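Here's the structure, in C-alpha cells; my notes come after.
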Amino acid sequence: MTPCFMDNNPLLTIITVTFQAEKYLARTLDSVESALSDVDHPARLEYLIIDGGSRDQTLAIAGKYRFISKIISEKDKGLYDAMNKGLRLASGKYIWFLNAGDEIFDSQTLQDLLSSLESGAAVYYSDAMMVREDGTEVGLRSHFTPHTLPENLRWQDFALGMKVCHQAFIARKDIAPFYEHENLSADIDWEIECLKRAESVQFLPFTLCRYLLGGLSVKNHRRSLTDRYKVLRKHFGLIPTLFNHLRIFWRGYWFARKNGKYW
C-alpha cells in the first residue's frame, strides 16, 4: 500500500475560522508552527484560514506564516457557515478544526496524530486541556467538567450533551456532514452524525489541544441550551431528551456545588 504522505492530497486539513481575531490568532499559529518542526513529512498537512471579513490585523498576522495553504476572507453567516466553507475547500483525508486562540497541545502532538491517522479509522478523538486567556491551565476537560471521556466512544454517549471537545475530535472528510449553521450547538450534532456514519472510531492516548475557554456557546448560553435541546431531541427523541435534560441539570448542579462553576 502506498503511504498516505505519497498521495497528491494531504492526510490532514486543519481549519481555523477567524473574525476580528487579532488578539488570539498568533497563539494558534505559533503552536502549529512549533509542532510542524517535529513533523517528518510537512506536506501531509494542509492549513486553511476561513475569515469572515476581518477589519483588524487578523489577515496581516495570518500572512506572516508560510505554512498556511490558503486564506479566504469574505462575509459569512457566522461560525458554522464559515466551517462549512472550510469543509468544502479542504483537500485532506481528515478534518481538524482549531479555533483562533486554541493551540496544538505540544510540539510532538502533530507528529503523533499524523502517525495515528495512518491506521485509517473514520473518527479519532482525545481530551482537551482547558486554558484561560492568559494561557494558564485549568485542567483536562474530562476532569474539569462532568463529561468523562470513554475509550470506546459511541454516538449514544452524547445523550447528556457534548461528550468530546470539538477541537479534540477529528473526522474523515468523506463521512463529515455540513453544519446546521443557524444552530449554536451544531458541533454536537456534527459529532453525533460523524459517529453514526463511522465504521471505526479510535481513541488517541495523548491530549490533542489546548482549548481556550469562552466560545460562542458560552457567550450565548441561553440560546445554546435551547439549540442543544433541539439537537438531542433530533437524535434521541422527545421523552428521552426531556428525561436526560433533568439528568443534565441535576448532574450540573451537584458538579458545580462540589467543584465550582465549570463553564
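The values are calculated or read from the model by the stated rules, or taken from the named source; none is laboratory data. Please read all numbers here as calculations on a predicted model, not as lab measurements. Backbone-built Cβ (ideal geometry, glycine too); neighbour counts: all protein chains shown. All accessible areas refer to the heavy atoms of the entire protein, side chains included, with ligands and DNA or RNA removed. Shrake-Rupley method; radii C 1.70, N 1.55, O 1.52, S 1.80 Å.
Considering the alpha-carbon set of segment 43-191 alone, what are its Rg and its Dmax in angstrom?
Here Rg and the maximum Cα pair distance are 15.9, 44 Å.
For segment 1-94, take the convex hull of the Cα atoms, compute a quarter of its surface area, and give me that in nm², please.
Values: hull surface 24.8 nm².
The number I arrive at for segment 1-94 is 6.2 nm².
For the chain, report the accessible area per residue in Å² (1.4 Å probe, heavy atoms, rounded to an integer).
Heavy-atom SASA per residue in the chain reads 48 Å².
Round to a whole number: what % of the accessible area of the chain belongs to carbon and sulfur, probe 1.4 Å?
Working: 6480 of 12690 Å².
Within the chain, the accessible surface is 51 percent carbon and sulfur.
I want the local charge near Asp227. Using Cβ-Cβ distances under 13 Å, sum +1 for each Lys or Arg and -1 for each Asp or Glu among the other residues. Provide the component values of the computation, followed by the final result.
On the way: positive: Arg222, Arg223, Arg228, Lys230, Arg233, Lys234; negative: Glu180, Glu182, Asp187, Asp189.
Taking every other residue near Asp227 into account, the sum is +2.
Full extension from Thr136 to Glu74: what is 0.36 nm times the residue separation minus their Cα-Cα distance, to one decimal in nm?
Details: separation 62, 0.36 × 62 = 22.32 nm, distance 3.31 nm.
Here the answer is 19.0 nm.
Return the percentage of antiparallel bridges among DSSP beta bridges fully within the chain, rounded to the nearest 5 %.
Numbers: 10 of 33 bridges.
In the chain, approximately 30 percent of DSSP beta bridges are antiparallel ones.
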